[in-house]
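K.L.:
Dropping the structure in here first, questions after.
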Amino acid sequence: MPTPSMEDYLEKIYQLVEKKGYARAADIADALEVNPSSVTKMIQKLDKDDYLIYERYRGLILTDKGKKVGKKLVERHYVLEEFLRIIGVDDEERVYRDVEGIEHHLSPKSILAIETLVEFLKDHDEIKKMLDDYRKNFEDK
């Protein structure tokens, strides 16, 4: 299992590759706001653990294992963002920071439960509206 730090890197690398078709160390450093030397060290660890293949000066590619984990991490992040928005967190910066704070601490079973609730509420607008109304009344107290 990757560490939380490894997960952050895999998630960002996966997103960069999906968006641009590649991920360079400089792009990763910029996206994660970390030192390029830290990126190089983490890339080497991810290479050693078979999440990616890294060739110095040539770049990196995700292995099937890395793609699978990266995709799962991006999906987990999206589910948690949707959940926070549905329950009324409407400041996008807060949503992002909160997800970054909690995503590594929830079990797959908890993520699945949240995803089920998110999908249920998306499919049942009347219940989501009831939740919105309840929240507004609750906030007014």
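K.L.:
Can you give me the ranges of the helices (runs of 4 or more DSSP H) entirely in the stretch 50-136 with at least 1 residues that are more than 17 Å from the chain's Cα centre (by Cα)?
P.N.:
The qualifying helices (runs of 4 or more DSSP H) are 64-86, 108-123.
K.L.:
Here's another thing I want to ask about it. Looking only at the stretch 9-44, filter to residues that are closer than 18 Å to TYR96 by Cα and among the charged types (D, E, K, R); which one of those is most open to solvent (accessible area, probe 1.4 Å)?
P.N.:
GLU33
K.L.:
How many of the residues making up the stretch 1-18 are among the hydrophobic types (A, V, I, L, M, F, W, C) and in contact with a helix residue (DSSP H, G or I) (Cβ under 7 Å, 6 or more places away or on another chain)?
P.N.:
Total meeting the criteria: 4.
K.L.:
So, one more: Among GLU75, GLU81, GLU126, GLU93, which is surrounded by 16 or more Cβ atoms within 10 Å (Cβ to Cβ) and modelled with pLDDT of 95 or more?
P.N.:
GLU81
K.L.:
Being open to solvent by 70 Å² or more (accessible area, probe 1.4 Å) and at pLDDT below 95 is the filter here, so list the residues in the stretch 98-121 that pass it.
P.N.:
Quick first cut of the stretch 98-121, residues open to solvent by 70 Å² or more (accessible area, probe 1.4 Å) only: 105, 108-109, 112, 115-117, 119-120.
Hits for the stretch 98-121 are HIS105, PRO108.
K.L.:
Sort out which residues of the stretch 45-59 are surrounded by 13 or more Cβ atoms within 10 Å (Cβ to Cβ) and over 18 Å from PRO2 (Cα atoms), and write them in order of number. I'd like the intermediate steps shown before the answer.
P.N.:
Step one: of the stretch 45-59, the residues surrounded by 13 or more Cβ atoms within 10 Å (Cβ to Cβ) are 45-47, 49, 51-54, 59.
Passing the criteria: only GLY59.
K.L.:
Cβ-Cβ under 7 Å, sequence separation 6+ or interchain: first residue in the stretch 107-125 and free of Cβ contacts under 8 Å to residues at least 40 places away in the same chain and among the polar types (S, T, N, Q), partner open to solvent by 90 Å² or more (accessible area, probe 1.4 Å) and in a helix (DSSP H, G or I). Which pairs?
P.N.:
none
K.L.:
Using beta carbons and a limit of 8 Å, which pairs, at least six apart or on different chains, have the first residue in the stretch 88-101 and closer than 14 Å to ARG76 by Cα and the second one acidic (Asp, Glu) and surrounded by 11 or more Cβ atoms within 10 Å (Cβ to Cβ)?
P.N.:
Correct list of pairs: VAL95/GLU81; TYR96/GLU81; VAL99/GLU81.
The values are calculated or read from the model by the stated rules, or taken from the named source; none is laboratory data. Small disclaimer: the values here were computed from a predicted structure and weren't measured. Positions of Cβ are backbone-derived with ideal geometry, glycine not excepted, and every protein chain shown enters the neighbour counts. Ligands, DNA and RNA are excluded from the accessible area calculation, which covers all protein heavy atoms including side chains. Shrake-Rupley method; radii C 1.70, N 1.55, O 1.52, S 1.80 Å.
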